[in-house]
Amino acid sequence: MSAILTRISGVPYIAKVGVLAVCYFAAAKASLLFAIPPGYATAVWPPAGIALAALLLHGVRIWPGVWLGAVLANFSVNQSLTLAAAIATGNSFEAVCAAILVNRLIESPLEFRQPHVVFRFALIAAASSLVAATSGVGALFASGSMPARNFLDNWYTWWQGDTTAVIVVTPCCWHGCARRAATSPRAVPKSSCSVDCWSLPSSQCSFLRAGPGPESGMHFPFC
């Protein structure tokens, strides 16, 4: 997947949207293997983190890629296009809201070195995840796909999964991109970020850096 996504640099807008849709769909299908009944909410939802990283690096205007990928993934669960579109709309709006809030509330360049930056980012993750969780579970309930007794459990699991993914996956993608850049992450050419924007690096990532120097801090081996 990384080899294919590396080639998106400089390609037309529609191609970037398509690549994001494919990556979102692939990550979603893998995540849905661990979903609780009725099959939509998971304890960790990596596509949410990937979507935010993509929008931060390539611009909010590629949000249709999130929507298309989410529609395909959710349609594969119960073959309902209306329900899939409703859930996908919430997923897309969540990513757009998170990207806008990050750009407005966190100073540029985006670096996870200061405690207040990490705290704000975590708050943005928790707040924006309310959108997808509420709209998604609401759509399931309204369509009759989920009984009322499972509403709160699914809502919390959905919210937790999106929040956790944004807090963990987005910084991993961003850090992988930033390590390749000679300038600040928001100013780098998109070509230098194309791989790490779309895929979760398998090496270490620095989520919080506490000491002096670019390599100090807390490392997470799962990133």
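Here, each number is a calculation from the coordinates, and none is a lab measurement. Everything numeric in this text was worked out from a predicted model, so none of it was measured. Positions of Cβ are backbone-derived with ideal geometry, glycine not excepted, and every protein chain shown enters the neighbour counts.
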Can you compute log10 of I(q)/I(0) for region 61-169 with the Debye formula, treating each Cα as one identical point scatterer, at q = 0.14, 0.19, 0.24 Å⁻¹? -0.59, -0.95, -1.30
Amide H within-cut-off set for A41, under 5 Å, with H built and near neighbours excluded: I36
What distance in nm separates the simple spin-label points at L81 and F151, each placed 7 Å from Cα in the Cβ direction? 3.0
When the convex hull of its Cα atoms is projected in every direction, mean area for region 99-154 (nm²): 4.7
